[in-house]
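Just below is one structure, and these are the notes that go with it.
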Amino acid sequence: MRVFTAPAFDDHEQVVYCCDPSSGLKAIIAIHNTNRGPALGGCRIWNYASEEEALHDVLRLSKGMTYKSAMAHLDLGGGKCVVIGDPRQDKSEALLRALGRYVDTLGGRYIIAEDAGTSVEDMKVIGEMTPHVVGIADKVTGEGGTRSGDPSPATAYGVFIGLRAAVKHRLGRSDFHGLKVALQGVGHVGYRLAKQLHEAGAKLWLCDIYDDQAKHAGAEFNASVVSPDHIYEQDVDVFIPCALGAVINDDTISRLRAVVVAGSANNQLADDRHGEELMRRKVLYAPDYVINAGGLIDVAYERQPGGYNRDKMLRHIERIDDTLMEIFQRADNTGLPSNVIADKIAEERFKNPESSASIKTKRKRLGLNSTRSKKSDTRSKIKGPGPLYAPPFSPKVS
Ligand code: NAD
């Protein structure tokens with residue numbers, strides 16, 4: 001299996017293979033970039049058809065986290081973890097503890113959190129083995145918060161805010177009353193989003209590969225339940241992917257009848273060129289890592305000096321509206337697809353992290369803003385882990 005030359009490798013700093021035969025753990029941790037700070041990203045447990053598929057997924061997800069953090073102005077880098085297995089059958093406390101031990105060996109260069117197939121309870125088990133875990137702090141109930149560390153409500157809240165921006169830009173309306181939406185995947189995020197959209201007056205079509213979840217949500221939100229294969233061609237205004245990635249692809253793109261694509265799933269475009277194709281078809285695409293940053297913002301606030309501040313966290317999430325509006329506007333002005341515009345902005349921020357005021361301040365506090373002339377400063381030429389977040393020792397993993 002190729003790693004350095006894998007199609008999605010894209011200059012990853014580190015890829016760690018984790019194996020624990022006694023618990024059945026087979027996992028891959030990918031750290032894409034730590035220029036802005038330690039790599040934070042969720043852990044996905046999924047029944048991958050092959051190791052190549054798992055590697056491809058983790059590399060794409062981890063890169064997406066670098067872009068997401070930069071776009072949300074967080075002092076974090078991008079990383080992700082995938083565990084090969086069925087979350088309903090293979091997940092065990094022993095497996096999670098073994099994974100926690102691996103995360104710990106990275107000394108804080110990677111911080112783990114929830115993703116598809118993992119929960120707050122799972123992160124608590126991992127937290128027995130390492131302090132480098134988020135998504136477990138108790139959060140007060142309400143919009144964007146539950147009495148748990150679950151980032152999903154914050155993600156759903158951010159997607160709701162982003163959807164409003166996209167609908168306003170494409171359809172010229174600021175309410176959801178009677179808006180027709182097709183929602184794919186009613187898991188942690190999708191279920192909450194369906195609830196908010198139902199309460200806001202939207203008419204829903206939804207699906208899930210688990211029949212019980214789809215039927216339950218369908219009954220609760222007066223929604224039409226359709227089979228996963230037929231969600232794309234529903235006659236709706238908005239398509240909301242809240243399951244897995246690569247759902248906008250050569251097969252599905254021509255079946256879409258929606259004029260807005262905006263949802264929580266990571267890596268919605270199978271390939272960048274699908275963003276261009278959506279634009280050609282006059283479908284407005286809200287770049288996934290911009291609209292789904294709510295959960296990341298939420299868990300990042302757990303690490304703020306002075307502790308978690310819910311109001312500040314919510315105001316931070318609400319900035320997704322302005323960010324998306326700026327992207328849509330720039331896309332209109334330049335004729336470039338929204339995903340390309342978003343990538344350009346994010347790359348400016350993580351490739352030149354020292355332009356960020358908060359990162360500058362942090363470097364100064366740590367005595368890292370030297371007065372060396374540009375000529376003698378070789379830091380920017382050094383590839384690999386940034387100086388701020390080097391681990392205290394070399395991890396014993398490949
Ligand atoms: P989840 O596992 O709780 O929910 C995903 C749901 O999608 C499940 O119910 C699953 O059965 C369903 N599903 C899977 N494949 C499907 C298919 N082909 N058709 C229909 N349904 C399908 O995960 P989640 O936490 O709700 O996350 C959903 C997506 O949002 C993921 O891509 C995740 O990476 C992304 N995301 C989640 C968060 C978060 O805070 N949880 C944050 C950012 C991004």
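Structural remarks
- Whole-angstrom Cα spans of the chain along principal axes, big to small: 58, 52, 44
- Taking label positions 7 Å along the Cα-Cβ direction at both Lys124 and Asp11, the computed distance is 4.1 nm, reported to one decimal.
- Between Gly201, Leu269, Ala300, the Cα set farthest toward the positive side of the dipole of the chain (charges on each charged residue's Cβ, about the Cα centre) is that of Ala300.
- What separates the Cα centres of the stretch 232-260 and the stretch 173-211 is a distance of 14 Å.
- By the Cβ distance rule of under 4.7 Å, the chain has these cysteines without a partner: Cys18, Cys19, Cys207, Cys242.
- Extended-chain gain in nm, criterion 0.36 nm per residue less alpha-carbon gap, Lys344 and Asp175: 57.8 nm
- For the stretch 251-299, the square roots a ≥ b ≥ c of the C-alpha gyration tensor eigenvalues yield an a/c of 1.5 or more together with a/b exceeding b/c, which makes the shape prolate.
- Whether the stretch 184-341 is rounded, prolate or oblate, judged on the alpha carbon gyration tensor where a/c under 1.5 counts as rounded: oblate
- Computed from label points 7 Å out along Cα-Cβ, the spacing between Phe4 and Ser50 is 2.2 nm.
- Residues with amide H under 5 Å from that of Thr118, placed H, sequence gap 5 or more: Ile45
- For the stretch 49-106, trypsin sites (Lys or Arg not before Pro) meeting the loop criterion (DSSP other than H, G, I, E, B) and having at most 12 other Cβ atoms within 10 Å: Arg88.
- Taking the centroid of alpha carbons for each part, the stretch 2-61 and the stretch 100-137 are 15 Å apart.
- The chain, accessible surface, carbon-and-sulfur percent (1.4 angstrom probe): 49
- Percent of beta bridges antiparallel (DSSP, the chain, rounded to nearest 5): 35
- Most mobile of Ala200, Ala49, Ala165 in a GNM of the chain (Cα contacts under 10 Å): Ala49
- Loop trypsin sites (Lys or Arg not before Pro), the stretch 1-52 (other Cβ atoms within 10 Å of the site Cβ: 16 or fewer; DSSP): Arg2
- Exposed loop sites here mean GluC sites (Glu not before Pro) with a DSSP loop assignment and at most 16 other beta-carbon atoms within 10 Å; the chain contains its longest site-free run at 234-398.
- Potential extension, Thr141-Asp20 segment - 0.36 nm per residue separation minus Cα distance: 39.8 nm
- Available extension along the chain between Ser254 and Glu93 is 53.6 nm, counting 0.36 nm per residue and deducting the alpha carbon span.
- Principal axis extents of the Cα atoms in the stretch 93-203, from largest to smallest and rounded to whole angstrom, are 51, 25, 24.
- Using θ = phi - 60° in the Karplus curve 6.51 cos²θ - 1.76 cosθ + 1.60, the 3J(HN,Hα) couplings for the stretch 23-32 round to 9, x, 5, 9, 9, 10, 10, 10, 10, 7 Hz; x is entered for Gly and Pro.
- The local environment of Val261, defined by Cβ-Cβ distances under 12 Å, has a net charge of +1 under the rule Lys, Arg +1 and Asp, Glu -1.
- Assigned charges on the beta-carbon of Lys, Arg, Asp, Glu; the chain dipole about Cα centre (debye): 1800
- Amide H contacts of Thr130 (H built 1.01 Å from N, in plane; Pro and chain starts excluded): no residue 5 or more places away or on another chain comes under 5 Å.
- For Asp86, net neighbour charge (Lys/Arg +1, Asp/Glu -1) across residues whose Cβ lies under 13 Å away: +3
- For the chain, with +1 on Lys and Arg beta carbons and -1 on Asp and Glu, the positive-most of Pro153, Val189, Val134 along the dipole: Val134
- Computed magnitude of the charge dipole of the stretch 133-245 (debye, nearest 20; Cβ of K, R +1, Cβ of D, E -1): 440
- Residues whose amide H falls under 5 Å from that of Asp237, counting only those 5 or more places apart or on a different chain, are Lys180, Val181, with hydrogens built in the peptide plane.
- Candidates Asp57, Asp212, Asp150: whichever shows maximal mean-square fluctuation once the chain is modelled as a Gaussian network with Cα springs under 10 Å: Asp212
- Mean-square fluctuations from a GNM of the chain, with a 10 angstrom spring cutoff on Cα atoms, peak among Pro337, Pro21, Pro241 at Pro21.
- Extending 7 Å from Cα along the Cβ direction at His230 and again at Lys195 yields two label points whose distance is 2.8 nm.
- The string of couplings for the stretch 226-242 from the Karplus curve (6.51, -1.76, 1.60, θ = phi - 60°) is 10, 6, x, 5, 9, 5, 5, 8, 5, 7, 10, 7, 10, 10, 10, x, 10 Hz, one whole number per residue in order, with x for Gly and Pro.
- Net charge of Cβ neighbours under 10 Å - reference Val167; Lys, Arg +1; Asp, Glu -1: +2
- Loop chymotrypsin sites (Phe, Trp or Tyr not before Pro), the stretch 129-189 (other Cβ atoms within 10 Å of the site Cβ: 11 or fewer; DSSP): none
The values are calculated or read from the model by the stated rules, or taken from the named source; none is laboratory data. Computed from a prediction, not measured in an experiment: that's the story for all the values here. Backbone-built Cβ (ideal geometry, glycine too); neighbour counts: all protein chains shown. For accessibility, only protein heavy atoms count, side chains too; no ligands or nucleic acids. Shrake-Rupley method; radii C 1.70, N 1.55, O 1.52, S 1.80 Å.
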